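Following: one structure in structure tokens, then a few remarks.
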Amino acid sequence: MRQIPMVERETAYWTTVRGMIADLGAALDDLREGDEVTAIAATADLDVAAMDAIAVAALGALAGVRSRVSRRTINIGVSGRARNGKSTLLQSLSGLTDDQIPAGRGQPVTAVRSSIYHSTVRTGAVLTLHSEASFCAEVLAPYHRALNLMPTPRTLEEFSTFRYPLTADELTGDVGPHPKSGPMLVRLRDEMQRALPSFRRYLTGHQREITLSESELGSLRQWVAYPPATDVGMPDRRHFAVRDATVTCRFPIDDVADLALVDLPGLGELVPDADRHHLDGLKDDVDFVIVVKRPTDTNALWSVEDGDALQLIIDASGAAAVRDFVTILVNSGGCAAENIDALKRDIRDRLNEGLDDRSYNVITADSADRQQVKEKVLQVVLEHLATALPRMDADVFAFAQAACETGREQLRGLIGRHLAALRSIHTPSELLRLDHKRTELLDEVTTHLHAWIEELQARTGAEYADQEFLDEVTKVQDRARSWVIDGFGVEGGQAAWVEQVLPKMLRAAGPATVMQNTLNGIRTEIAIRFNDIDSMLDKRRNEFWKGLAGGLGPRFANLLQGDSPEEVLRNLRDTLDSADHDSPSLVKALDQALDVRLDYRTRLLPEVWRKLEALMPYHRKETEEQFFSMLTLAATAEGGHQLFNQISGLARSVITDIGGMLSGEPSANALILLAYGQYFEDAFIRSAGTPDDFLNVTTGFQDQLWPEEVSGPATSTVRIQRAKDALNHLNQALTGSKRSNG
Amino acid sequence: MSELVDVEQEPFRVAVVGPSRVGKTTLLTAILSETERQLAGTGVRILAGETTEERIHQQRRALRRAIAAEEFDAAALSGNQTTSLYEVVLRADSEPGVAPQDRIDIEIPFSILDYPGGWLNPVTRNRSAEAQQQWPACEDHIQRSVMLLVPIDAAVLMEARKPAERGSVVDLLGIEEVTAMTRLWARSRKDSGSEPAVLVLAPLKCEKYFDDNGGGGKEAPRLRQLVQDTYRDAVEAAEAEAPGRVKVVYAPIDTYGCVELMEPIWHDVGGEYLEFTGHYRFRGRPPRIQEKAAATVMRELCRSVISAQAARNTELARAATEEQRRIFERRYLRKGFFGALTFYLSGEAWWARRDGILTAKQLIAAKQSERKLNSALRSLSTEADDPRVEVWQLR
């Protein structure tokens, strides 16, 4: 029992190793999908399935230990070919009768593997029934395979309508000798198919259990045994529906507790896969096996079949020594003394190589005689087990340990060479890889931003002409000038204007009011008309944003979305801001770049207004004489024309001045935008937070920034690295385990 | 006295270099008008020669027509293709009470030569028969000029806002020719001992950019800066050729005072540079001509004369021996500036021109005129400069 923690630990460990082997398998599959030929070649013969088999074997050995040491009962298996007294022995040991365990004569009777538990308090049985599917797969399929009858029915319906050959002669393919195939065909066709109605109702869709109470235990026989040959009509073959039976009853042996008997059917029976079933029954579940041999006149010698059956048991003994695990019971009941002696002699001479009990203990007793069984069989076996069980446990445990260690060695051997080969292919660590990517991204952004800044800088040169802007200024200027010349917006031009203002001049007995009002109107109109330049400023700002977006380089372009440059940058800002990994410096830089102010009202209106002050009468002492002189104009048509000429001349001068001032605007804009650009460049690539921010952007947006690396060299690197990592993890697990266990 | 005969016709010389139609006649008109105002009450007048007078009259008639039409359009600038000689005299009339037969008018003549800057280039000269013929006289005039006057179209400098416009300034203002001319002139000044050397940079059509003559412009600093930048090479050439000798006077002049640029017009006529014209408007009602800083030219000439005279007297006073005095006298009696100086300011001019023996009345009248002229010269030269005018210190 003290081994349990170790077994649990090792089981957990090997389960983890299996997971790692699965990871490795996935990594290698991935690697082989790529085009990194060196790495593929280096791992070409790394057999993951074989590695998994090693882990499975280790887990199997550990499961054996766990199963043994955690079992609360001593399980004695009873084996023997049919008609040797196996069931009789079970009856003697368990106290059950023919009603529960038939021990008929002349034919095999035990149809189902049963376990019989000794209990002083409870009597009853639990039957586990097949489902329709498990019946087809576990019962029918082996017969069909053995007899080469295809296709194997998958449902009871298919089974019931399957047309079986009338004789074994009609069977085709490699179906073995007739004496074997013939009876199997008969059982399949005549017993199972014909009797299907008798057990079909027990084959429900699910596996289920039937519990028989003490009073119902009498009916157990029909569940576990072949029907008596005397049955007429449709025999009840419900035993075909039973997968397993567990019987609990009080053994007629008072001084033994925690004892269980396992009925191992099949040996020598003409049932497909009987041997495998036998082994399954023995493995892990049985502490000791009694092989029953009854020396009759025709069965007095240790036959080849006996040898084969014994070998199966030896195979199943696993780590335990055979002598500790098996004993041969010479069932003397009703046998001639000569036959008994002949058998014992034969066993001694041939099986034990001339020495009694050299390899196999031999007990002689009448299995029907409970007293003999109790004294000569059970007591002897229990005494043997008292010393052999701990030894066997230790053997099994040592075996499991050895299996684990061997498994580790094997795995280490398998992966070591490949790991060395993969390690020779240089791949950076994840951290280093990300760092390289960050540097690559930063370098790219730096280069492109610099080129953009140089473009901005070129526009600040004295020789750079923003012709589009200047043309727009000229257009706006010309429109304003035309408006002035064409009568300040009065339809009909100068003449109409004069006609319009003349009554007012007459009413006011002079031009003062008209002059004042006209000048006021002109100021407003000109200020509004030059507002048209806003579209050009807007355009330049958009170009700035577009250039900035381009200046972030082609990788960042993968993150850019939006219909306008402004939207693109705003989206980028929001994307970075809402990312899992912060990049506050970059977000701040973008915020500031988006806050570029380049509009008419902010930039130009104050200057324009200063120029418009020239149209304010009496505003400045230096020019007031010009306005005073207008007041002397007569309130006549000629005076009106002269007033028009004076005012329009002034207005045209002002328009010229504003145009001149705006002609200098492209240079000023260029300087402003250059300043914004340089500020952005500094904040984006040179701030204290830049390195961290770029690492975060690299980490968070790797897929978008390097979309081409779904395939290609970098992916190869990732694939190789993944395979390396998987192998490394496995290697560390195997090496570390050795250290901790060593 | 043979030297005296040689200098009889020698005026004080001024060379002008600049594109034609920059407004040289207007400038001369302005110079005359403003100087005339300043000479009012001195008994000294400023008068133009016959040809010059006719040009001035034509220009004044055109201006009157423009005022009447309320429309003023300046001609486009172009390279000066021919020579113009403007002759001006400062004349001291005899006292009112002197009988006509006793009158002796004392005068100082000034000769202002405007000629094509392109003639400086021998290749260009060789293409023109006129140039080949007149160049020796021009060269002589330049070398003898006490003043180099560079009229500048301020509008061209100030209204060139766009790159193509700025690129046209050098050609329109003939900066290369001005620089070459300045170099040639300054070199001759160096060779002419202690004769005066004044370089006047005179932006014209400045009405729009100043607020001291009825306008509202606030761009005087920008104009000064542009002139400095544009004519830096010329100024440096002057200093390089005659170190410490050239006085550089910056004199932005309103030639009308009532005409202001309204709309500059830059034409692309397919040449190497843009052509410039402008729409101008009259300021005030009615427009009143009010020159500004134009008298600077005359004042600087007078200062040159006065300061040279003082220098001569000082040198003579320092001469300790009779022999030295004789050497100085002989030097000053040579042709050229000092010859003219002595000739006109010491009364020899009228003495030499006499047709026989002067009567006593004539002699008295002549002496009176001489005193008036000297007094007027001093008065003009000591008049305070217009606040716009600056003397630029080199280095």
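The values are calculated or read from the model by the stated rules, or taken from the named source; none is laboratory data. Just so we're clear, the structure is a prediction, and the values are computed from it rather than from any experiment. Because the Cβ atoms are built from the backbone with ideal geometry, glycine has one as well, and the counts that use them run over all protein chains shown.
When each of A:GLU409, A:GLU430, A:GLU440 is tested for being under 23 Å from A:ALA53 (Cα atoms), surrounded by fewer than 19 Cβ atoms within 10 Å (Cβ to Cβ) and among the charged types (D, E, K, R), the lone residue that passes is A:GLU409. Output yes when any residue across segment B:206-221 is within 14 Å of chain A (Cβ to nearest Cβ) and either in contact with a Ser or Thr (Cβ under 6 Å, 6 or more places away or on another chain) or farther than 17 Å from B:ALA154 by Cα (or both), and no when none is. Checked segment B:206-221: at least one residue is within 14 Å of chain A (Cβ to nearest Cβ) and either in contact with a Ser or Thr (Cβ under 6 Å, 6 or more places away or on another chain) or farther than 17 Å from B:ALA154 by Cα (or both). Taken across segment A:203-213, residues that are modelled with pLDDT of 80 or more and of a type in the set (Lys, Arg) do not occur at all. Within segment B:108-124, the set of residues being surrounded by fewer than 19 Cβ atoms within 10 Å (Cβ to Cβ) and modelled with pLDDT of 75 or more comprises B:PRO122, B:VAL123, B:THR124.
Working carefully through the options B:GLU263, B:GLU272, find the one that is surrounded by fewer than 19 Cβ atoms within 10 Å (Cβ to Cβ), at the interface with chain A (Cβ under 9 Å from one of its Cβ atoms) and in contact with a helix residue (DSSP H, G or I) (Cβ under 8 Å, 6 or more places away or on another chain). Talk me through it step by step, then tell me what you get.
Values: B:GLU272 fails: at the interface with chain A (Cβ under 9 Å from one of its Cβ atoms).
Testing whether each residue is surrounded by fewer than 19 Cβ atoms within 10 Å (Cβ to Cβ), at the interface with chain A (Cβ under 9 Å from one of its Cβ atoms) and in contact with a helix residue (DSSP H, G or I) (Cβ under 8 Å, 6 or more places away or on another chain) leaves just B:GLU263.
Yes or no: segment A:121-134 includes at least one residue that is under 30 Å from A:SER303 (Cα atoms) and modelled with pLDDT of 85 or more. For segment A:121-134, residues under 30 Å from A:SER303 (Cα atoms) and modelled with pLDDT of 85 or more: absent.
I need the full set of residues from segment A:129-138 which are of a type outside the set (Asp, Glu) and surrounded by fewer than 16 Cβ atoms within 10 Å (Cβ to Cβ), in order please.
We begin by selecting, within segment A:129-138, every residue of a type outside the set (Asp, Glu); these are A:129-131, A:133-137.
If the condition is that a residue be of a type outside the set (Asp, Glu) and surrounded by fewer than 16 Cβ atoms within 10 Å (Cβ to Cβ), then A:ALA133, A:SER134, A:ALA137 are the ones that fit.
Candidates are the residues of segment A:308-342 that are over 18 Å from A:LEU264 (Cβ atoms) and out of contact with any Ser or Thr (no Cβ under 9 Å at 6 or more places or on another chain); the one that is surrounded by the fewest Cβ atoms within 10 Å (Cβ to Cβ) is A:ALA337. Here A:PHE399 meets each of (1) touching a residue at least 60 places away in the same chain (Cβ under 8 Å); (2) within 14 Å of chain B (Cβ to nearest Cβ) with one exception, condition (2).
Residues to consider are A:GLU305, A:GLU353, A:GLU375; find the one that is surrounded by fewer than 13 Cβ atoms within 10 Å (Cβ to Cβ) and modelled with pLDDT under 85. If you could, list the steps in order and put the result at the bottom.
Numbers: A:GLU353 fails: modelled with pLDDT under 85; A:GLU375 fails: modelled with pLDDT under 85.
The conditions single out A:GLU305.
A:VAL484: away from chain B (no Cβ under 14 Å) and not charged (D, E, K, R), yes or no?
Details: away from chain B (no Cβ under 14 Å): no; not charged (D, E, K, R): yes.
Here the answer is no, as A:VAL484 does not meet what is asked.
For segment B:281-293, filtered to residues that are within 9 Å of chain A (Cβ to nearest Cβ) and in a strand (DSSP E or B), the residue that is surrounded by the most Cβ atoms within 10 Å (Cβ to Cβ) is B:PHE282.
In the set (1) surrounded by 14 or more Cβ atoms within 10 Å (Cβ to Cβ); (2) at pLDDT below 95, A:TRP497 fails one condition alone, (2). Assessment of segment B:182-198 against the conditions (at pLDDT 90 or above, within 14 Å of chain A (Cβ to nearest Cβ) and buried (at least 19 other Cβ atoms within 10 Å of the Cβ)) yields no matching residue.
When residues in segment A:445-466 are screened for being exposed (fewer than 13 other Cβ atoms within 10 Å of the Cβ) and in a loop (DSSP other than H, G, I, E, B), 3 of them pass.
Residue by residue, here is whether (1) away from chain B (no Cβ under 14 Å); (2) among the polar types (S, T, N, Q); (3) farther than 30 Å from A:THR43 by Cβ; (4) touching an Asp or Glu at 6+ places or on another chain (Cβ under 6 Å) holds:
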{"residue": "A:SER359", "(1), (2), (3), (4)": "yes, yes, yes, no"}
{"residue": "A:ARG370", "(1), (2), (3), (4)": "yes, no, yes, no"}
{"residue": "A:CYS404", "(1), (2), (3), (4)": "yes, no, no, yes"}
{"residue": "A:GLN410", "(1), (2), (3), (4)": "yes, yes, no, no"}
{"residue": "A:LYS437", "(1), (2), (3), (4)": "yes, no, no, no"}
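Scanning segment B:160-181 for residues that are away from every other protein chain (no Cβ under 14 Å) and not acidic (Asp, Glu), we see that the one that is nearest to B:THR277 (Cα to Cα) is B:LEU172.
Segment A:508-561 holds helices (runs of 4 or more DSSP H) entirely within its bounds, and those carrying 3 or more residues that are in contact (Cβ under 8 Å) with a residue 12 or more places away in the chain and closer than 30 Å to A:LEU650 by Cα map to A:512-529, A:534-551. Name the residues in segment A:625-649 that are more than 18 Å from A:ALA495 (Cα to Cα) and in contact (Cβ under 8 Å) with a residue 60 or more places away in the chain, would you? The answer is A:PHE627, A:MET630, A:LEU631. Looking at B:ARG232, B:ARG245, just one residue is out of contact with any strand residue (DSSP E or B) (no Cβ under 8 Å at 6 or more places or on another chain), among the basic types (Lys, Arg), free of Cβ contacts under 8 Å to residues at least 12 places away in the same chain and within 30 Å of B:LEU301 (Cα to Cα), and that residue is B:ARG232. Considering segment B:242-260, and only residues there that are touching a Gly at 6+ places or on another chain (Cβ under 8 Å) and within 14 Å of chain A (Cβ to nearest Cβ), the residue that is surrounded by the fewest Cβ atoms within 10 Å (Cβ to Cβ) turns out to be B:GLY257.
Within segment B:178-195, residues that are in a helix (DSSP H, G or I) reach partners that are surrounded by fewer than 19 Cβ atoms within 10 Å (Cβ to Cβ) with beta carbons closer than 6 Å, at six or more positions or on different chains, in the pairs B:THR179/B:ASP233; B:SER188/B:GLN143; B:ARG189/B:ARG245. Within the bounds of segment A:602-614, is there any residue that is on the phi < 0 side of the Ramachandran plot, crowded, with 20+ Cβ neighbours inside 10 Å and at pLDDT below 90? There is at least one residue in segment A:602-614 that is on the phi < 0 side of the Ramachandran plot, crowded, with 20+ Cβ neighbours inside 10 Å and at pLDDT below 90. Quick one: is A:THR97 over 30 Å from A:GLY19 (Cα atoms), free of Cβ contacts under 8 Å to residues at least 12 places away in the same chain and in contact with a helix residue (DSSP H, G or I) (Cβ under 9 Å, 6 or more places away or on another chain)? Considered against the rule, which asks whether it is over 30 Å from A:GLY19 (Cα atoms), free of Cβ contacts under 8 Å to residues at least 12 places away in the same chain and in contact with a helix residue (DSSP H, G or I) (Cβ under 9 Å, 6 or more places away or on another chain), A:THR97 comes out as yes. Whether a residue is in contact with a Leu (Cβ under 6 Å, 6 or more places away or on another chain) and within 14 Å of chain A (Cβ to nearest Cβ) was assessed, and B:LEU157 passes this test.
Taken as a whole, the structure leaves A:LEU576 outside the set of residues that are touching a residue at least 40 places away in the same chain (Cβ under 8 Å) and within 10 Å of chain B (Cβ to nearest Cβ). When restricted to residues that are part of a helix (DSSP H, G or I), under 20 Å from the mean Cα position of the chain (by Cα) and among the small types (Gly, Ala, Ser), segment B:199-236 contains 1.
For segment A:340-358, filtering for residues that are of a type in the set (Lys, Arg) and outside any helix (DSSP H, G or I) leaves 1.
Identify the residue in segment A:604-624 that is free of Cβ contacts under 8 Å to residues at least 24 places away in the same chain and closer than 13 Å to A:ALA527 by Cβ and, among all such residues, is farthest from the other protein chains (Cβ to nearest Cβ). So the residue we want is A:PRO606.
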